[in-house]
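Everything below concerns the one structure shown next.
The values are calculated or read from the model by the stated rules, or taken from the named source; none is laboratory data. Just so it is clear, the structure is predicted and the values come from calculations on it, not from any experiment. Virtual Cβ from ideal backbone geometry, glycine too; neighbours counted across all protein chains shown. These area figures cover heavy atoms from the full protein model, side chains too; ligands, DNA and RNA do not enter into them. Shrake-Rupley method; radii C 1.70, N 1.55, O 1.52, S 1.80 Å.
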Amino acid sequence: MKTTAGPIDIVYVTPQGKVIIVETKLWRNPEARRKVIGQILDYAKELQAWSYSDLQREVSRRIGEKGNLPYKLVKSLYPETEESEFVDGVTNSLAQGDFMLVIAGDGIRTDTEAVVQYLEHTANMKFTLAMVETAVYQTEDKSLTLVQPQTLFKTREIQRNVYVNEIPGPPTDLVDSGNSVENPLFAQYQSFWTDFIQGLQLDDPDQPMANPIPKGNVFFPMPPRSSIAWLTLYFYKSGSEIGCFLRLAKTEEGTAIYEALKEDEETISNELPFHIHWDDNNNRVIVTKRIKSEWPPVRDPVVKEFFEMAVNSFVNVFRPRMEKLGDQVF
């Protein structure tokens, strides 16, 4: 798959939307070992800047078919995969740099110094790096080739300390992310979102609902499609705030719709019952509210009231405009 950092050998996507990058190399000299680590991290940095639409476009270009191919390919093997959940999962994986990076070679030799050197420049990504040795054998008449993959029996753990200098303001997409099994906080989020979405009644009956997940944020797909636009409701612990924002993908189509909406900024602001902020850097329109309750404030009635008002107002004001703009832009 082509990227500006070069072509990626193999790209996988799990049914949950996690992106896996595989780089294959002949492991004949130390220089190759150092280069392949830097190369696969360059691919990861490149993909972190992608939207779901970028991935969809490149997969379609490579395979020669149109449509939501990443989802169709996964669904062909895992029929129970839901499109909105899959798209959100891929979007989250790309935005966070939450990738599985796999280096597959004919003979793996660890080079800790080279790994550390490159990891020092990737603190903004959540990737997992794995090395797989793929021994290759051939029969005497060369009629059959056998490939035997195996992970290393002896592994090394490299401790990575990440220091975060917090920037005031809400996150772009992902908030309080983590593993729901390891962190009991996310069981509370799961319960809150389930009850909230089950009881949510919107003025627009055609608006699809979000899927409750054990995280501090949920996503509502918006026109023209979920890979281009979505609403996010979120809890932001570090900022002691909750919020709602409309996000347009930073693609040609998404940016065109965002700019068209902003041209109508004054009218939109007058139609909403609260003050909004236009975030041009991230193609977002956002409203926030400070919360003084203990965290997570899932039992505070103010939180539920704010989310209900915010999502209903955003849907009422933006959805009709975006349906028209989606038809006009392309």
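Net length available on complete extension from Tyr12 to Lys262 is 86.3 nm, with 0.36 nm assigned per residue and the Cα-Cα distance removed. Using C-alpha pairs below 8 Å separated by at least 6 residues, the relative contact order for the stretch 268-318 is 34 percent. For the residues Lys215, Lys66, a 1.4 Å probe over the protein chains yields an accessible-area ranking, largest first, of Lys66, Lys215.
Label-to-label distance, Lys35 versus Gln190, with points set 7 angstrom from Cα along the beta-carbon direction: 4.7 nm. Across the stretch 210-217, coupling constants 3J(HN,Hα) worked out from phi with the 6.51/-1.76/1.60 Karplus curve, θ = phi - 60°, read 7, 9, x, 10, x, 9, x, 7 Hz, and Gly and Pro carry x.
Applying the Karplus relation 6.51 cos²θ - 1.76 cosθ + 1.60 with θ = phi - 60° to the stretch 63-80 yields 3J(HN,Hα) values of 8, x, 10, 9, x, 7, 5, x, 5, 4, 5, 5, 5, 5, 9, 10, x, 7 Hz, where x marks Gly and Pro.
Note on exposure: Met322, Met1 ranked by accessible area (1.4 Å probe, complete protein assembly) read Met1, Met322, with the most exposed listed first.
Listed by chain and number, the lysines whose alpha-carbon sits under 17 Å from that of Lys72, ignoring those within fewer than 8 places in the same chain, are Lys18.
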